Every structure is written in C-alpha cells, then in structure tokens.
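The structure appears right after this line, and notes come after that.
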C-alpha cells in the first residue's frame, strides 16, 4: 500500500511539473511573439579636430575624458601675429575712410578763398612784370640799358604769366572739387581694405579651436609648443548627441518594424535598467551579420542595420558598449517614445 501511494505521488508530481512547464513555455512564446530582441553596440562616432591655421600652440585646455559643449574653447595658438594683422588693416581702413570723406566733401571754403588770393597775387606780379618789360623795351633804342636787361624783363614776364595761369587752374580745381574717378578709386581701395580686415579677423578666429558639437575628448594629440597646421589633428572628439545603438534585424523580422516605433535598450553593465528609445533609421540595403554582433540566427544570414536612438541622461551608455534593443510589437510599440529631453525630466529608464 505504501509503495502504491509513493508511485501515485511521483506520477502526480510529474504531471504537475509538465503542466507548469507547458504553461511557462506558452507564456514565453507568447511574450517572444510580441517582443523583438536585436543585438548590437552603441555606435562610435568621432571627429578629428584641427586648428585652421599654422602657428605654435599656446594653450590646450582639455584632457582625455573631459566632457565638452558645442562652442566651448578647446585650444588656442599664439595670437600676436594674427592680432597685429587685424590692427594693421583696421588702421588702414580708418585712414582710407578719412581720405574718402575728404574727397566726397570737396574743397572747403577756406581753400577756395586761398586759391583766389593766390590768383590775385599772381595777376599783380604779372602786371608788374609786363610794365617793367615795356618800360625797359622803350629805353633800349636810346641805348640807356643793355639788351640783357630787356631779355631778363621779358623772361620775368613769361614766368609771371605762367604762375598766373597755374593759379587760375588751381582755383578752378578747388571750385570743382575732386574728380569722380578719384572718388571711385578711393571707394574701391576702401572696399579692398575692408575685405582684408575681414580676412584678418577670420584668421584670428581660426587661431582658436572650438567644439563643433557636444562630446567627450577621446585623444589629446598635440601639446603646447607643438606647431599646429590644418592637417594635424589636435584632439579626437567622440560625439554623444544624438546617441544611438547600431543593431541588426533579420530579413524575416524586417517587416515587423518601422521608423518611429518605441524601443528600450538594456546592457550587461546595468542589469534591470531599461533606457527609453525609438527606431530612427532602417538601412535600405542588406549586409552579412557583422562578427561583433551575437544573434540567434546563423552568421551567413543577411541582416539590415537599424539605429535605435537612446536617452542617456546619466551617461551610463558608453560608446561601443554591447546592448540589446527590445522592440514591442504590440500596441505599446505603435507610438514613438518621448523625446530625451522630456525623458530627462521624468526619468529615462525603468528598473
């Protein structure tokens, strides 16, 4: 009797265990049917930052691992040469502006009056020279003076006449003012100097290196004292905004997803945490599964690259980190996840 009870209890346990396993397997299969798992890594994007000028480096402000914001000053060259160029062209522009104003304003009333006075003086000297010449010329036949004195008087009259004509032309120029051609040439010269000043200021600005985007300094390549050129990177900057996971989907599952679907990202580094995200890009072409991606399908199968953008307010998702993207295929996956900025205010991951 005891053996029968023992056998019956064993059979009952087997039946109950089978039922429990069947229920668990059904639940798992049903859950798997509504959840797509994709594997990949947080994408590494970086840029080599070089200073767009040739000069000795004066300052390097950041080190490897430092976080930077877009527009932040990263490095600076020795600026004396660039600042001198700006001052030089600035002074030349100011001088040319003054000259152009002078030409455009024309002659001042005082200059015109002075030209008239000089003309009156020249006329008076010409009159005196003419009278002297006539008087001496009359005395020559009577041999009261020499031929040389008469010739000198005639020469003096010619000189006085030339000075009077020059004074008349000077008065005419003072009244008319500068020529239009001179004003146009002065304006062109001013425009050229202004262009050179803009270029000098641009070169001065190029002597400083600013962050083109938010990121993290990955490599500090040069040091103060090194000669920087546009072909020598100073830093390597890892871009962190936007941040996305590069994952891969097999062809049978390609039709289940589309851009804008909500997604979550998990990592081995922070078990239990899920980071909010969404599908931002699906490659239009297939490729063989990369060796770095561990999927359940065979490596010879074709897959499509998918970018799952992720919210990372605490900086826990690092570039290159292996991740798993969870994409709900039911109604919960229909709408796009909230933007990261909203997620940062409400909490971007769930336990």
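Read-outs: derived from the displayed coordinates by stated rules, not from any lab. Treat the numbers as computed from the prediction; the structure is a model and nothing was measured. A quick note on method: Cβ atoms are made from the backbone with ideal geometry, for glycine too, and the neighbour counts reach across all protein chains shown.
Data table
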item	result
Residues 39, 202, sorted so that the one with the fewest Cβ neighbours within 10 Å comes first	202, 39
Value of relative contact order over the range 83-203, rounded to a whole percent, pairs C-alpha under 8 Å and six or more apart	48 percent
Hypothetical label at residue 158: residues of the range 130-151 whose amide nitrogen lies under 13 Å (7 Å Cα-Cβ projection)	151
Gained length - residue 70 relative to residue 165, 0.36 nm times residue gap less alpha-carbon distance	27.1 nm
Relative counts (whole %) of C-alpha pair distances in the range 178-282, using bins that are 5 Å wide	2, 8, 10, 11, 10, 9, 8, 8, 9, 7, 6, 4, 3, 3, 2, 1, 0
Centroid-to-centroid separation of the range 255-277 and the range 176-243 [C-alpha atoms, Å]	43 Å
Spin-label model distance (nm) - residue 146 vs residue 194, 7 Å beyond Cα toward Cβ	6.7 nm
Label-to-label distance, nm, for residues given as residue 135 and residue 329 (7 Å Cα→Cβ offset)	12.8 nm
Efficiency of FRET from Cβ geometry, residue 203 and residue 181, R₀ 45 Å, rounded to 0.05	0.85
Sorted by Cβ neighbour density within 10 Å, fewest at the top, the residues 250, 146	146, 250
The range 83-203 - convex hull of alpha carbons, volume per residue in Å³	131 Å³
Neighbour-count order for 321, 261, fewest beta carbons within 10 angstrom listed first	321, 261
